[in-house]
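Written out below as C-alpha cells is the structure these notes cover.
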Amino acid sequence: MAEPGPRFPMNMINASLKELSQALAAKQVSSVELTTLFLDRIDRLNPQINAFVTVDREKSLKAAAAADARIAAGQFGPLTGIPLAQKDIFCAEGWRTTCGSKMLENFVAPYDATVVRKLEGEAGMVSLGKTNMDEFAMGSSNENSYFGAVKNPWALDRVPGGSSGGSAAAVAARLAPIATGTDTGGSIRQPAAMCGLTGLKPTYGVVSRYGMIAYASSLDQGGPMGRSAEDCALLLNAMAGFDERDSTSLERPAEDYARDLDKPLAGLRVGLPKEFFAAGCDAGVMAAVQDAIRELEKLGATMVEVSLPNSHLSVPAYYVIAPAEASSNLSRYDGVRYGYRAPEYGNLDDMYMKSRAQGFGAEVKRRILVGAYVLSHGYYDAYYLQAQRIRRLIANDFVAAFNDCDVILGPTAPSTAFRIGEKSSDPVQMYLSDIYTIAVNLAGLPGMALPCGFADGLPVGLQLIGNYFAEARLLNVAHRFQQATDWHTQQPEGIA
Amino acid sequence: MSLTLDQVKRIAHLARIEIGDEEALATQGQLNGIFQLIEQMQAVDTAGIEPMAHAQDLSQRLRADAVSEENRRAAFQAVAPETEAGLYLVPKVIE
C-alpha cells in the first residue's frame, strides 16, 4: 500500500489527535486507511528502531474496520478510529503481553487491562501493537529489554530513555500518533524528554492499574505519551477514571482534562526548586530550561524560588521502596500458572529457582535481591521503614512548596539521551538519571515532561510538577507554552 | 555496610533465584554499590515521622462478598506451562 495518498487532507503522520478526529468524522480518511499508513511505517522503520515488540496487522485492521463501522453508524467518540501504540505492560486479550521479559515471552493475555478496555473497547481507538520496554519497567534506557535495546529516533546510537522507551521512540518516529506509558520513577517523563515528546504521569490513583503488570504498586501509574499537551489531555480523558478492580483507584468524578488548555497564564506562580538548579545538571539542558523560564515569564507567569530540601534522598528511598514492592510482586512468577518454566529441573524448589534464574534478566534480579534483603528480618526497620519515613519528608516538602506556587518547574533529566552502552555496566549511574523525577512518584503527584529545546541536536525535556489532581493545570501550562514555541513540532531527521 | 558472598547467596535463595558462584560474586559488587547509595538515608533523623506507605491516605474499599467474575479456567490455564484435567502440574512434593 502506498504512503499518504492525494486524498489525505493533511500530513497525517504529523496531525494532532483533534485533526485526526475531525478528518475521521468528516470521512476524509477512514480508520483502516490511517491504521494501514502507520502499520506500513512500522514495517519499514521499526527494524532500525525496535520500538515495537509485537505487531499484528490483521488484528489492528479488524479493529480499524470496527471503528469505521461505528463512525458510519454515527456511534463514535472523539478518539474512535485513531491508532495508538500500547506499552507492552498492559494486558490486552489475545495479544502477546511480554513486559519486556523472557519470563512472559509467550504470554498471551487472557483479559484486557482497564486502560486497554477503555481506550480500545470503549473509546474505539485502534492498537497498532505493543511497544518495547525495560524488563518489568525496571530501567531508564530500554537496554534492559529481553527483546533488545530501542534506538532513539533522534540519534540511533543513543537510548530513548526508559522504561517506556518503545512508546517514546514509536511516537517520535511517527510510527504512532500517540502511545500509552507507565511511570514508577520517571518512566513516562524521562523517555518523553529524551525523545522530544510530551508525557504526563497523573496523580497516583487516577488511571487504573488493573491489568497493568505490577512493578512497585504504590508508585506505578499509567499515562499518555504524545506530541503535544493537547493530545495528552485527550488521551487522558479516555484513560482515567475510577475502577473498582483496582483497590487504589480513586473515586472521583470524571474530569475533562482539556478544559483549561487555553486559559491565560497571567498570574501563574511557578516554583523553581533551588535543588533542581544546583550542580549536577548538564549545561545544555539547563540553558534550555532557562529559556523556557523566560518564555513562561513572557506569557505572564512569575517565578518564585522554592525548596525541596529532601529531594536528594529520593533516589536512595526509591531504591528501597520500589525493589521491596517488586520482590513481593514478582514472586508470582514461579513457572506454575503462567510464564516461563525452565526446561529441566529436579524438585519443586529447583523448578522455581531455575525458572526464575533463567526467566529474569540481570537488572530485575538485582532489584528482587535488594527488595528481599531490605524486607528480611533484622533489616526491615533500618531500610524499609526508614525509606517510608523519608518518603513522608519528601511529600511534605512538596506540600510546603505548593503554599508558594501553583506548579513546580525544573529539568526532567540531568542529561539528554546518552549513548547505548554508556551507563549499562553501572546500575547506580543509571539510577541517577531519574534524579528529578522520582520524588514525584514517592509523593504521588502529577508530573509532565515537554520539549523545551535542544542540546547538541538532542531534545531537552522540561518538567512541570503539579499539586494533587492538578493535571488540567499542568496541561494548561504546557499547552500555552506549546502555543508560543515550536519545540514539540520538531521531528527527527531521516525518519521520513 | 557491605554484603558478604554468603549473604548474597542467602538472599538469592530467599528470592528463589538460582545463583552460581561467579554470578554471586559479580552480583555482590553491584549490590554493594546500590547499598552505598541507599546508605545516604541513614544519616537522616526521622524520629517522630510516620512512615508513608502510600501516596494517598485511603482505607481499603469494601465490597459485598458476592461472585462477580465468571469462571474462565480454560482461558487462564491455556497460558500455563503444564496442566492436566484442569489442574496445574508441578513436580511431586509429597512422597
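Out of every Cα pair in chain B, what percent are spaced more than 23 Å from each other?
Working: 2948 of 4465 pairs.
Tail fraction, whole percent: 66.
Identify the chymotrypsin sites (Phe, Trp or Tyr not before Pro) of segment A:390-481 meeting these criteria: DSSP loop state and at most 16 other C-beta atoms within 10 Å of the C-beta. Each step should come with its number before you reach the end.
Values: sites: A:PHE398, A:PHE402, A:PHE418, A:TYR431, A:TYR436, A:PHE454, A:TYR468, A:PHE469, A:PHE481; in loops: A:PHE402, A:PHE418, A:TYR436, A:TYR468, A:PHE469.
Here the chymotrypsin sites (Phe, Trp or Tyr not before Pro) that fit, given the DSSP loop and packing criteria, are A:PHE469.
Among A:LEU84, A:THR114, A:THR98, which residue has its Cα furthest toward the positive end of the charge dipole of segment A:50-173, with +1 on Lys/Arg Cβ and -1 on Asp/Glu Cβ?
In segment A:50-173, that residue is A:LEU84.
Using amide H atoms built 1.01 Å from N in the peptide plane, name the residues 5+ places from A:THR54, or on other chains, whose amide H lies under 5 Å from its own.
Under 5 Å from the amide H of A:THR54 lie the amide H atoms of A:LYS130, each far enough along the sequence or on another chain.
Antiparallel as a % of all DSSP beta bridges within segment A:19-176, to the nearest 5? Could the numbers behind the result be given before it?
Numbers: 4 of 9 bridges.
If we restrict to bridges inside segment A:19-176, about 45 percent are antiparallel.
At 7 Å along the Cα-to-beta-carbon direction for both B:LEU87 and A:SER331, put a label point, then send me their distance in nm to one decimal.
According to this spin-label approximation, the distance is 2.5 nm.
In whole Hz and in residue order, list the ³J(HN,Hα) couplings for segment B:54-68 that follow from phi through the Karplus curve 6.51 cos²θ - 1.76 cosθ + 1.60, θ = phi - 60°; x for Gly and Pro.
Coupling constants for segment B:54-68: 8, 5, 10, 7, 10, 9, 5, 5, 9, 9, 4, 7, 10, 5, 10 Hz.
Would you work out if the protein assembly as shown is rounded, prolate or oblate? Take a ≥ b ≥ c from the square roots of the eigenvalues of the alpha-carbon gyration tensor; rounded if a/c is under 1.5, else prolate when a/b is larger than b/c, oblate otherwise.
Numbers: a/c = 1.57, a/b = 1.13, b/c = 1.39.
Since a/c reaches 1.5 but b/c is at least a/b, the shape of the protein assembly as shown is classed as oblate.
Can you list the residues, at least 5 places off or on another chain, whose amide H is less than 5 Å from the amide H of A:PHE454, using H built in the peptide plane?
Distant-sequence amide H within range of A:PHE454: A:VAL460.
Just from its helices, what would the mean residue ellipticity at 222 nm be for chain B, if runs of 4 or more DSSP H residues each count -39500 (n - 2.57) and the sum is divided by every residue, rounded to the nearest 500 deg cm²/dmol? Walk me through the intermediate numbers first.
Working: 3 runs with 33 residues, N = 95.
My calculation for chain B gives -10500 deg cm²/dmol from helical runs alone.
For a quick check: with amide H placed at 1.01 Å from N, whose amide H comes under 5 Å from A:LEU84's, ignoring anything fewer than 5 positions away on the same chain?
Amide H to amide H, under 5 Å and 5 or more residues apart or across chains, A:LEU84 pairs with A:VAL126, A:SER127, A:LEU128.
Where does each of A:ASP220, B:ASP21, A:ASP88 land when they are ranked from fewest to most other beta-carbon atoms within 10 angstrom? Could you put the intermediate results ahead of the total?
On the way: A:ASP220 25, B:ASP21 8, A:ASP88 31.
The order, fewest Cβ neighbours first, is B:ASP21, A:ASP220, A:ASP88.
Pop the C-beta distance of B:SER68 and A:VAL304 into the FRET formula with R0 = 60 Å and round what comes out to the nearest 0.05. Can you show the working numbers first?
Details: r = 49 Å, r/R0 = 0.82.
With a Förster radius of 60 Å, E is 0.75.
According to the square roots a ≥ b ≥ c of the eigenvalues of the Cα gyration tensor, what is the shape class of segment A:363-403, taking rounded for a/c under 1.5, prolate for a/b larger than b/c otherwise, and oblate for the remainder? Can you show the working numbers first?
On the way: a/c = 7.04, a/b = 2.06, b/c = 3.42.
In terms of gyration-tensor shape, oblate.
Using the C-alpha atoms of segment A:228-272, what convex hull volume per residue, in cubic angstrom, is computed?
On the way: hull volume 5.9 nm³, N = 45.
Here the figure is 132 Å³ per residue.
If I take all pairs of Cα atoms in segment A:95-196, what percentage of them are more than 22 Å from each other?
Details: 1376 of 5151 pairs.
The share of Cα pairs beyond 22 Å in segment A:95-196 comes to 27 percent.
Need one number: nm distance between label points at A:GLU19 and A:HIS377, each 7 Å from Cα along Cα→Cβ, rounded to one decimal.
6.4 nm
Count, for each residue of A:240-247, the Cβ atoms from other chains sitting within 10 Å of its Cβ, then give me the mean as a whole number.
Values: counts 0, 0, 0, 0, 3, 2, 1, 4.
Mean partner shielding for this stretch: 1.
Calculated FRET efficiency, B:LEU25 and A:ALA287, Cβ-Cβ r, R0 45 Å, to nearest 0.05? Working shown, then result.
Working: r = 44 Å, r/R0 = 0.97.
It comes to 0.55.
Read-outs: derived from the displayed coordinates by stated rules, not from any lab. Fair warning: this is a prediction, and the values are worked out from it, not measured in the lab. Methodologically, a virtual Cβ is constructed for each residue, glycine included, from the backbone with ideal geometry; neighbour enumeration extends over all protein chains shown.
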